[in-house]
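Report on one structure; see the data block that follows.
Only the coordinates and a few stated rules stand behind these numbers; no lab work does. All figures in this text were calculated on a predicted structure; none of them were measured in a lab. We place every Cβ from the backbone using ideal geometry, glycine too, and count neighbours over all the protein chains shown.
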Amino acid sequence: MTLVVDANLISAIVLPLPYSEAARAKMARWKQEGEVIIAPVLWEYEVTSSLRMAIIHGLLDFEQAAGALQRIMIMNVQSIPPTEDLHLEALEWAGRLGQSLAYDSQYLALAEQSGAELWTADERLRNRARQIGISWVRWVGEE
């Protein structure tokens with residue numbers, strides 16, 4: 001089975017966040033079960049930015065962030081390059097969610113195109129998706 005994960009979930013694997021243990025457990029289980037994990041290439045930039053923010057807020061020093069980045073990059077998350085269709089779908093998703101930016105919607109568009117669940121550490125994104133009737137967006141803290 002294929003799963004889409006977002007940068008929030010991936011970042012939680014290496015950062016000390018309230019849902020980090022759940023993110024690590026999910027990723028370990030998916031790996032053991034042979035799940036194919038994909039994300040739009042955007043995830044790499046977002047994770048790098050989250051590591052930079054962790055440095056700024058004193059959660060990690062540079063060496064720790066560099067090590068975290070190395071661990072993330074070998075996790076076997078397949079980066080899916082953008083296409084015009086994916087961007088168009090992302091624009092539509094941003095509109096459906098009432099969002100002014102289309103970052104989250106890139107993940108939604110990829111999940112929809114792939115027929116996959118989207119797993120996120122962004123509970124607000126999951127809640128907003130549920131409000132508009134989307135059940136295949138899952139939050140890291142749920143089973």
key: Where a residue in the stretch 85-104 is more than 20 Å from residue 44 (Cα to Cα) and its partner, wherever it lies, is loosely packed, with under 15 Cβ neighbours inside 10 Å and hydrophobic (A, V, I, L, M, F, W, C), with Cβ under 8 Å and at least six apart   = 94/101; 96/132; 97/132
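Here are 13, 80: which of them is closer than 21 Å to residue 123 by Cα, β-branched (Val, Ile, Thr) and in contact (Cβ under 8 Å) with a residue 40 or more places away in the chain? First the steps, then the outcome.
Values: 80 fails: closer than 21 Å to residue 123 by Cα.
None of the other options fit; the residue is 13.
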query = Here are 11, 20: which of them is surrounded by 20 or more Cβ atoms within 10 Å (Cβ to Cβ) and either out of contact with any Gly (no Cβ under 7 Å at 6 or more places or on another chain) or of a type outside the set (A, V, I, L, M) (or both)?
reply = 11
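Suppose we keep only residues that are assigned to a loop (DSSP other than H, G, I, E, B) and out of contact with any Asp or Glu (no Cβ under 7 Å at 6 or more places or on another chain) within the stretch 127-140. Which one would you say is surrounded by the most Cβ atoms within 10 Å (Cβ to Cβ)?
Restricting attention to the stretch 127-140, the residues satisfying the condition of being assigned to a loop (DSSP other than H, G, I, E, B) are 132-136, 140.
Filter once more, keeping what is out of contact with any Asp or Glu (no Cβ under 7 Å at 6 or more places or on another chain): 132-135, 140.
Values: 132: 11, 133: 7, 134: 17, 135: 8, 140: 26.
My answer is 140.
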inquiry  = Would you confirm, using the coordinates I've provided, whether residue 53 is under 25 Å from residue 90 (Cβ atoms) and exposed (fewer than 15 other Cβ atoms within 10 Å of the Cβ)?
reply    = yes
inquiry  = Please return the ranges of strands (runs of 3 or more DSSP E) entirely within the stretch 9-126 where 3 or more residues are closer than 17 Å to residue 140 by Cα and in contact with a strand residue (DSSP E or B) (Cβ under 7 Å, 6 or more places away or on another chain).
reply    = 36-40, 117-120
Check on residue 3, surrounded by 18 or more Cβ atoms within 10 Å (Cβ to Cβ) and closer than 20 Å to residue 137 by Cα = yes
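Would you point out which residue out of 106, 64, 99 is more than 25 Å from residue 20 (Cβ to Cβ) and surrounded by 14 or more Cβ atoms within 10 Å (Cβ to Cβ)? Spell out the reasoning first.
Details: 106 fails: more than 25 Å from residue 20 (Cβ to Cβ); 64 fails: more than 25 Å from residue 20 (Cβ to Cβ).
Result of the check over 106, 64, 99: 99.
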query = Quick one: residue 94 ticks every box in (1) over 14 Å from the mean Cα position of the chain (by Cα); (2) over 22 Å from residue 19 (Cα atoms); (3) surrounded by fewer than 19 Cβ atoms within 10 Å (Cβ to Cβ); (4) among the hydrophobic types (A, V, I, L, M, F, W, C) bar one, so which box is it?
reply = (3)
